[in-house]
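Values quoted throughout were computed directly from the atomic coordinates according to the rules given, and no laboratory measurement underlies them. What you see is a predicted model, and the numbers here were worked out from it, not measured in a lab. A quick note on method: Cβ atoms are made from the backbone with ideal geometry, for glycine too, and the neighbour counts reach across all protein chains shown.
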């Protein structure tokens, strides 16, 4: 298929648009300048020689984003989803991880106020009082470090204000949706000590309902954040305390029918027609099914952070210190039927610390060479102490359980409350990471600049993996075991960028960058040999050329990028069979080549009328991947649709009686893509489109807004996650659908 020639099209459009004969009033309005801090300094988005998208507080408010997963409807290259709030995934340009255990790191770094959190599930839900969201595409190894191989998401919260201000918001919608939030800010000591308090609680009925217990997989989220800001002399000292709680009454999904007529919910499953019938019955109504155990989810997290910034005449110094804790418990009915075959329960806890010291150049300061050089350098430390227990008990409908129950129930190895065969894992991992980095941009001429960056990272992971069972000598885990090791990974990641200013508002650039993701520890294996098979780090090399431009008196913005990724040793998670037992194995794929093109257009067609268009093309497949269960070379990579589009508009009309009436619409479409590297037919998401609409009335008092919204207005059916079980243990699997149509009303009062 021929690629759209968007660069010549934009140039032609700029030439044909009227630029003469405009009145002063007609030329006095333009697209607002967007300021970002992606390179650890404040600068215009259009001046950063890199692929970045940014959304300000007004964009977030107008779109009504409650969770970061809604980014994927505004950015075609982003995919966010997962089976539950504790098992999220984030993909950018086809790079990401179906991450949900402590042994595997994410491929996209998620940062809140410059603080990285490896358990990023607690940062993707319940958007709370944000000032800006920045999405950085491509490897960010130099400035952001490990585990940003596919990009980074920066969330910047609102800072305390000197004058008293506040905002109250309430919303209701279908399916039991409600939101209540508030933010309050002001001075405790005039211009010396400022404070900001933000609170929010949301709830909504779940997508699925268990007809046996009557429960649904609702999501209840509560968040609170307190920020104190002191400004003595040339210092800024900021302290933040944040808590977040998520719970759900059930963890439900739809079962997949295996080709053999049974499901792989248990390798010991009785092969009879009742299994196929139970699966078929639950597939009649995907949102209302019968489960043996509805399960549950509880997650609590907290954060303490201290940021100190000293603004000197020759250099700026910043120190960022943080500690975060997360505890979560979860239980799921793995077979997703009324038959009691196989369950999964989880207990996980982690404590993280981080410390960063950073020096930034200032205008006219040290080593700037008459302000031709801008630089940043720093050191970074991160630690993560995590533990996790997974237990997978078989119920009375599995083939093994009835014969073993009289022998083993009540024995010393039995788990409390379990009558039948159960196995699992008890894993502890201590991670320490050190890094030193630097990046500098030198203006060779007034129009030509060169950026050089380098970061060295050293990771150490010490782990113990315990295989636990109450039925030794019987599969799937026949012998209890405990293994351990210390793993070491290191990487040096450079960045080289050359940018040239063709005109005042037109810049072209070329960039070379690398990134790496740390290796790790296996998840849910059944032998000590498999537990010892830690997987290696993965690396990515990027070549990117891009254009950033504004035309028509800064009323038309056209940005584009052409990139090529060389992806080596990609960490691929899957459920396969080893010696007839299901194993959650992570393997390193050999090599992949990814070629892509992106274009973003924003046009201010008239006062109050803005339209936007984004397009992504990507060709991503495995060049080499000799998997343990077969050769996967030539397969499409997961979460990488070939084409994706987002188009939208925003129109604001001033009313004669005062106030404003606004309308906003967005249509996001994605081409076919797979959820797994096997390219299984059951794991194929066919192309789909989602429509989001909103309208709001800002009253004449300048304080009150009434907003009506509709998300997924077409009630499009599309999947968030698919897990396929291997054929050798029966096949089948589970799939989770995205939220159907959601609509409601919202009231906001600002003071």
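Brief remarks follow.
- A Stokes-Einstein calculation at 10 °C with viscosity 1.306 mPa s, built on the Kirkwood radius of the stretch 417-468 over Cα pairs, returns a diffusion coefficient of 99 µm²/s.
- Scoring 563-574, 447-458 by mean Cβ neighbours within 10 Å over their residues and listing the highest first yields 563-574, 447-458.
- Extension gain, residue 699 to residue 243: 0.36 nm times the residue separation minus the Cα-Cα distance gives 160.8 nm.
- The stretch 6-750, relative contact order in percent, only Cα pairs under 8 angstrom and at least six apart counted: 11 percent
- Extension gain for residue 473-residue 40 works out to 150.2 nm (0.36 nm per residue, less the C-alpha to C-alpha distance).
- Crossing angle, helix 6-16 versus the chain [Cα axis fit, 0-90 degrees, rounded to tens]: 30 degrees
- Which of 667, 673, 177 has the fewest Cβ neighbours within 10 Å, and the rest in rising order: 667, 177, 673
- Taking label points 7 Å from Cα along the Cα-to-Cβ direction, residue 313 and residue 504 give a separation of 3.5 nm.
- Going from the fewest other Cβ atoms within 10 Å to the most, the residues 320, 436, 108 appear in the order 436, 320, 108.
- The separation of the stretch 436-481 from the stretch 598-616, counted between C-alpha centres, amounts to 38 Å.
- Rounded to the nearest 10 degrees, the inclination of helix 273-284 to the longest alpha-carbon principal axis of the chain is 20 degrees.
- Value of [θ]222 nm, deg cm²/dmol, for the chain, DSSP H segments ≥ 4, -39500 (n - 2.57) each, nearest 500: -2000 deg cm²/dmol
- Using alpha carbons only, the radius of gyration of the stretch 627-751 set against its Kirkwood radius gives Rg/Rh = 1.20.
- Theoretical FRET efficiency, 1/(1+(r/R0)^6), r = Cβ-Cβ of residue 47 and residue 656, R0 41 Å, to 0.05: 0.55
- Ranked list, fewest to most other Cβ atoms within 10 Å of each Cβ, for 462, 190: 190, 462
- Coarse-grained scattering of the stretch 6-750 at q = 0.05, 0.06, 0.11 Å⁻¹, given as base-10 log I(q)/I(0) from a Debye sum over alpha-carbon atoms: -0.26, -0.37, -1.29
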